[in-house]
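Accompanying notes for the structure given below.
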Amino acid sequence: MIRLSVVACLFVQLISVLGAEELGLKERLDMYVGRWSGVFNLEAPEIEFQESFTVEQKYWWQDDALRAVSVASRESGKASSKSVTWIDGNKYISEVTRGEEVERYYGVVRDGGIVWFPVDLDRAMQYQLKEEIQAVDGELVLTTKGFDTFVSEGKTGQLLYFGELVKEKE
């Protein structure tokens, strides 16, 4: 119960910083609209795992929600997902579908980007991502950094995510 209280306090703190950010919630999502492509890197130092793979994503507005499709070309084959993101008060809610599995995330604006964490607040301390869109050398770059926690051979480890996608010019 104490752990849930700590996570709930963290959630309230994250939401409270929204007023300090310059872009509105919808304007921030508008920046995603279009096609993006680039590379993601995964690393789990505890088990000496590394993988790099290409990712393509497309975002568009439909029915007052930001929709997306994503295709990752990994060593194990292509994997796809789709998402629907909407604004709920002063936060985002996103549903990500991979095959038959649907996961829900909260998103809050923090330090110039969006921090995503599971709606299941117990899992929020184990998995988080931050996305940030910035202009770099005249191109828009979507940077993703995050982690997921796993158990291998009875030991806890972290899978680290780093991705850079460049927005295609229209």
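Laboratory data are not the source of any read-out in this text; all were calculated from the coordinates shown. Since the structure is predicted, the reported quantities are computational estimates derived from the model, not experimental observations. Using ideal geometry, Cβ is built from the backbone for each residue, glycine included, and neighbour counts are taken over all protein chains shown.
With the Cα gyration tensor of region 62-170 giving a ≥ b ≥ c as the square roots of its eigenvalues, does the rule (a/c under 1.5 for rounded; else a/b larger than b/c for prolate; else oblate) give rounded, prolate or oblate? It comes out rounded by the Cα gyration axes. Rounded to the nearest Hz, the phi-derived 3J(HN,Hα) couplings of region 78-92 under the Karplus curve 6.51 cos²θ - 1.76 cosθ + 1.60 (θ = phi - 60°) are 7, 10, 10, 8, 9, 9, 10, 10, 9, 8, 10, x, 10, 9, 9, where x marks glycine and proline.
Pull out a ≥ b ≥ c, the square roots of the eigenvalues of the alpha-carbon gyration tensor of region 101-145, then state rounded if a/c is under 1.5, prolate if not and a/b is larger than b/c, and oblate in the remaining case. Judged from the Cα gyration tensor, region 101-145 comes out prolate (a/c at least 1.5, a/b above b/c). Model label sites at K155 and E48, defined 7 Å from Cα along the beta-carbon direction, differ in position by 1.2 nm. Each residue, T143 and D30, gets one label point 7 Å from its Cα in the Cβ direction; the gap between the two is 2.4 nm.
Working note: Karplus 6.51/-1.76/1.60 with θ = phi - 60° gives region 36-42 the couplings 10, 8, x, 10, 10, 10, 10 Hz, where Gly and Pro are set to x. Taking the alpha-carbon centroid of each part, what is the distance from region 60-89 to region 95-170 in angstrom? Between the Cα centre of region 60-89 and that of region 95-170, the gap is 13 Å.
Give me the net charge of S152's neighbourhood, meaning all other residues with Cβ under 15 Å from the Cβ of S152; Lys, Arg count +1, Asp, Glu -1. Provide the component values of the computation, followed by the final result.
Numbers: positive: K155; negative: E43, E46, E48, D148, E153.
Summing Lys and Arg as +1 and Asp and Glu as -1 gives -4.
Nearest 20 debye, what's the magnitude of the dipole of region 67-170 about its Cα centre given +1 on Lys and Arg Cβ and -1 on Asp and Glu Cβ?
Working: 14 positive and 18 negative charges, 16 e Å.
Charge dipole, region 67-170, about its Cα centre: 80 debye, nearest 20.
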